Structures are given as C-alpha cells and as structure tokens.
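To start, the structure itself, in structure tokens.
The values are calculated or read from the model by the stated rules, or taken from the named source; none is laboratory data. Bear in mind that the values here come from a model prediction, so they are computed numbers and not experimental data. Neighbour counts are summed over all protein chains in view; Cβ atoms, including those assigned to glycine, are modelled from backbone coordinates with ideal geometry.
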Amino acid sequence: MRYPKRFMKAEGFTPAELRLLRRLDTPFKVQSFLDREIAYNQEADGDTCLSPRRVLRERVAQCIEGALFAAAALRVNGREPLVLDMEAVRDSDHVIAVYKHRGHWGSVGQSNYAGLRCREPVYRTLRELAMSYFEHYFNPYREKTLRSFSRPVNLKRFDRIGWMTSEDDLWEIPEYLLGISHTPMLTPAQARSLNLMDDRLYAANCVGTLDTSKNWARNRWDRAAR
C-alpha cells in the first residue's frame, strides 16, 4: 500500500464519504472544498456543533464545524487532526485546523469573514500564525478583538465520542477548548491603544459575508459571528 497512514483512522465513514475525503489530499484541496461546497452555517434552528459526517451531509459549517471537518480530512490523508482556538474580547472565538509542512505552520478554516480562513504553511511558530489573523479579526463595532491563542489540540483525544462521524452535537470539544490555557498576544498597554479597523480593510473582509447580526450578541461559543 503506497500511503498506509491514509487508512489508519478512517473507520466510521462510509465508502462514499471516504472516497470524497481521500480526494482532499492536500490542505489546499480541503480549503477549496470548504469554500466552494460548504455554505456558512447560520444555525437558523439553534446552536450546533456538527461532526464532519454531518457537515458532509448537510453541506453547512460555521467555524468550529469547518475546523473539525478539515482536521478529519487531513487525518484521513495521514496528518494529525489538530485544531487551535483563538480567543477574543467582545467577540466570538475562532477555531482553525492547523498542520505543519516542512517545519512551518499553516491552517485551514471556515469563516463568515474573508480574512479568517486559511493560511499558507510559512509561519515558523504558532504565535506567528495566530498574529497573521490579528488585523482581520474584528467585531461589528470595528474593534480589533483577537487577544490569545491555545496550543494545538489533537482531536484523537475525542475518538471515544466518535467525533468524526457522530450524529450528536460535539459540545465536549468546544467546552474543552474553552478550558485550556491560552497564550496572550498583546500587552494591556497595546490593547488599550488599538485603533478601529479602517474602512477599506473592513470592506475587504466583509466580501461575501452573510448577515449573522441577530446571533452576535450571544456568548462566546453560542455566537455565529466567525
């Protein structure tokens, strides 16, 4: 078998699901699938945390659902299923799938905002990767809100709940991400001196966004702003 690692953790998926996931054999292909085939989940019927199987079936995902899907696709193709949480103030958290290529970090992500999706694997550290999101991370008041990032979490720890194919919402995963330590990105003085986002960058990041304003005022994990 040419690529044995691709088949190490595929149980639970149907043959058709596996065929699709195995075609997404690079992070770029995973991101392209999210961008072109998966609509942004507006959670019209209430908050969700869909498994990768349900994302495939329902063809919708918000940020953490997109990150879980990306991690599962990367895993089927031989990479570790890693996610990273970025924590904000007066705003929602954002979760991305992360991976290493030739010693550098990259990411795959789903977002309602253009600047919060993927990053090429050119960042030497996780801090560099997280900081690349800073200028694009804002709330409806145009405040720059990103403040900290977590360590990468290997989703193998959730294999016992069948996270890749579960028909239940996966609330245990975001609850875990909320509870782990996060590394601050700014000093208090830096945070106090931040300017509002300028008009051009704001407009560029809002290209293609859906109106989720009715959801924004919920708590950190219930909001659908990202």
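State which residue is surrounded by the most Cβ atoms within 10 Å (Cβ to Cβ) when the search covers only the range 74-109 and only residues that are on the phi > 0 side of the Ramachandran plot and among the basic types (K, R).
R90
If you check V98 against the conditions, is it of a type in the set (V, I, T), at pLDDT 95 or above and in contact with a Pro (Cβ under 9 Å, 6 or more places away or on another chain)?
Working: of a type in the set (V, I, T): yes; at pLDDT 95 or above: yes; in contact with a Pro (Cβ under 9 Å, 6 or more places away or on another chain): yes.
For V98, the condition - of a type in the set (V, I, T), at pLDDT 95 or above and in contact with a Pro (Cβ under 9 Å, 6 or more places away or on another chain) - is met.
Please enumerate the residues belonging to the range 29-82 that are of a type outside the set (S, T, Y), free of Cβ contacts under 8 Å to residues at least 24 places away in the same chain and assigned to a helix (DSSP H, G or I).
Across the range 29-82, the qualifying residues are K29, R36, E37, V55, R57, E58.
One line per residue, one yes/no per condition, for (1) within 23 Å of A61 (Cα to Cα); (2) exposed (fewer than 11 other Cβ atoms within 10 Å of the Cβ); (3) touching a helix residue (DSSP H, G or I) at 6+ places or on another chain (Cβ under 9 Å):
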{"residue": "E143", "(1), (2), (3)": "no, no, no"}
{"residue": "R157", "(1), (2), (3)": "yes, no, yes"}
{"residue": "I161", "(1), (2), (3)": "yes, no, yes"}
{"residue": "E167", "(1), (2), (3)": "yes, yes, yes"}
{"residue": "I173", "(1), (2), (3)": "yes, no, yes"}
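Would you be able to tell me the number of residues in the range 1-28 that are over 15 Å from R79 (Cβ atoms) and either at pLDDT below 95 or in a loop (DSSP other than H, G, I, E, B) (or both)?
Count: 6.
For (1) in contact with a His (Cβ under 7 Å, 6 or more places away or on another chain); (2) within 16 Å of I96 (Cβ to Cβ); (3) charged (D, E, K, R); (4) in a loop (DSSP other than H, G, I, E, B), each residue gets a yes or a no:
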| site | (1), (2), (3), (4) |
| --- | --- |
| E128 | no, yes, yes, no |
| P140 | no, no, no, yes |
| F158 | no, no, no, no |
| S166 | no, no, no, yes |
| L186 | no, no, no, yes |
| Q190 | no, no, no, no |
| L196 | no, no, no, yes |
| L201 | no, no, no, no |
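What number of residues within the range 119-141 satisfy the criterion of being closer than 25 Å to E80 by Cα and either of a type in the set (V, I, T) or crowded, with 21+ Cβ neighbours inside 10 Å (or both)?
Going residue by residue through the range 119-141, those that are closer than 25 Å to E80 by Cα are 119-133.
Going one step further and asking which of them are either of a type in the set (V, I, T) or crowded, with 21+ Cβ neighbours inside 10 Å (or both), we end up with 119, 122, 125, 129-130, 133.
Matching residues across the range 119-141 total 6.
Restricting attention to the range 48-73, which residues are surrounded by fewer than 24 Cβ atoms within 10 Å (Cβ to Cβ) and among the polar types (S, T, N, Q)?
Residue satisfying the conditions is T48 alone.
Taking the criterion of being within 19 Å of V207 (Cβ to Cβ) and under 13 Å from the mean Cα position of the chain (by Cα), would at least one residue in the range 85-108 satisfy it?
yes
Just checking, which of N112, N41 is touching a strand residue (DSSP E or B) at 6+ places or on another chain (Cβ under 9 Å), at pLDDT below 95 and crowded, with 18+ Cβ neighbours inside 10 Å? It would help to see each step written out before you state the result.
Values: N41 fails: at pLDDT below 95.
Going through N112, N41 in turn, just one is touching a strand residue (DSSP E or B) at 6+ places or on another chain (Cβ under 9 Å), at pLDDT below 95 and crowded, with 18+ Cβ neighbours inside 10 Å: N112.
Hey, any hits in the range 144-154 for a residue that's more than 28 Å from A204 (Cβ to Cβ) and of a type in the set (G, A, S)? Explain how you work it out, then say what you get.
We begin by selecting, within the range 144-154, every residue more than 28 Å from A204 (Cβ to Cβ); these are 151-154.
Restricting the remaining residues to those that are of a type in the set (G, A, S) gives none.
Taking every residue of the range 144-154 in turn, none turns out to be more than 28 Å from A204 (Cβ to Cβ) and of a type in the set (G, A, S).
Mind checking which residues of the range 92-107 are in contact with a Gly (Cβ under 8 Å, 6 or more places away or on another chain) and over 22 Å from T145 (Cβ atoms)?
Y99, K100
Can R117 be described as at pLDDT 95 or above, within 12 Å of the chain's Cα centre (by Cα), more than 23 Å from G179 (Cβ to Cβ) and of a type outside the set (V, I, T)?
So R117 passes the test.
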